[in-house]
Amino acid sequence: MNRRSVIGGALLALTALTASPAGAVPAGPGCFDRARNPYTSVVDSHLHFRPFGGPAIPFKELTGYLRRTGVRYANVYGIGQTLPADSACTYYLDCPGTKVTPSMKNDFANARDMLENAPKDLHLTLSMTFPDLAHPDGVLERMRLLEKEYPGRFRWMGEVNLVKQALLHNGHEPADRADIADWAPFMAELRARHIPLTIHSDLGNDGDHTEFLPLMEEVLERYPHNRVVWAHMGLSKELSAMDPGQHVRILRRLLDRHANLDLDISWRVLYDQYFSKPRARREYVPFLNRYAQRVLTGTDFVASRDKDFQTYKEELEVTSRINKYLDDDAFREIALGQSYFDLLHLRAAAPRVCR
């Protein structure tokens, strides 16, 4: 199916958008009034329903957060690397030296919650987060196990880590070129099932802004027919001082060369370190306007029990602030979710923006 096609399900998306947070004015028939409605995104394509360790926010409570903030579409991510069960930590950065280990338990927990509590007014997409990309043996077999236990339920893979510097003190092993070559069996399965793959791959750090770029380029060159979503556009806390113009030039080159690449702009780090600065916005806003059909929005919220609705609401608002600066076409693609609907071939269409 052509990603630009609009399948006749516009009323579904309009219903989602008109069910806005308290105080919002519903959109008129067939169009969304930006002057009277929230700029917060209706899609959260990067939402971790499970934490690294400790108790999670209950599923029904978290889906309630989505309703209260006007989010109607979300990816149900777990966490593929979990802290030990006897650890008191809920976040790996608070426990340097504590090893995180790949596990399927969060994917099973999310699937069980979806079966028992699937909401009828939200569209939730289950994602496989268990793969250890540095040790791909067994990934295909585990994918098939999930498919056997929950037929047709898992329609996404990720967020999975190619290289994540923040986890290095917790035993994370980045994948290398040889590992990437060994992904071939499970990448073929993803292609056959039309499942996108979200990869966390740090672009670099403040010492070397593009240190890890060759790894992402290797993935894109080797698997040109797999839909790949680059989480956070490759940015991270470790890369706080990159020239926005240089970053945009790299992204333009990759998007123009690799038709299978999409970007996600989740995580408030992007706003705090880049989008909040006028000079950076002068680079990023025209870029997002031009490539909006290949940009997904998300919060990167991790649902540990020490957080609550106000935390989620703030994360959604901060990660949505860039939406205010987008032109109307890009706002429809990103904030109103059309790029997400097209990527998943959903029977939904975002309303046009009122002129």
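Where a number appears in this text, it was derived from the coordinates with a stated rule and is not lab data. Only a predicted model underlies this, so the values are computations on that prediction, with no experimental measurement involved. Note that each Cβ is placed from the backbone with ideal geometry, even for glycine, and that neighbours are counted across all protein chains shown.
Figures for the structure shown
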read-out	value
DSSP bridge orientation in the chain - percent antiparallel, rounded to nearest 5	10
Share of alpha-carbon pairs per 5 Å distance bin for the stretch 201-355, given as whole %	2, 9, 17, 22, 21, 16, 10, 4, 1, 0
Subset of LYS60/LYS105; LYS60/LYS164; LYS60/LYS324; LYS148/LYS307 violating a 22 Å alpha-carbon distance limit	LYS60/LYS164; LYS60/LYS324; LYS148/LYS307
Tensor-based shape of the stretch 45-204 (alpha-carbon gyration tensor, a/c under 1.5 rounded, otherwise prolate or oblate)	oblate
Highest-first arrangement of 258-267, 202-211, where packing means the average Cβ count within 10 Å	258-267, 202-211
Three-way shape label, the stretch 273-344, alpha-carbon gyration tensor, a/c 1.5	oblate
The chain: calculated mean residue ellipticity at 222 nm from DSSP helix runs of at least 4, using -39500 (n - 2.57)	-10000 deg cm²/dmol
Per-residue Cβ neighbour rank within 10 angstrom, fewest leading, HIS48, HIS169	HIS169, HIS48
Rg ratio (alpha-carbon, reference 2.2 N^0.38 Å) - the chain	0.93
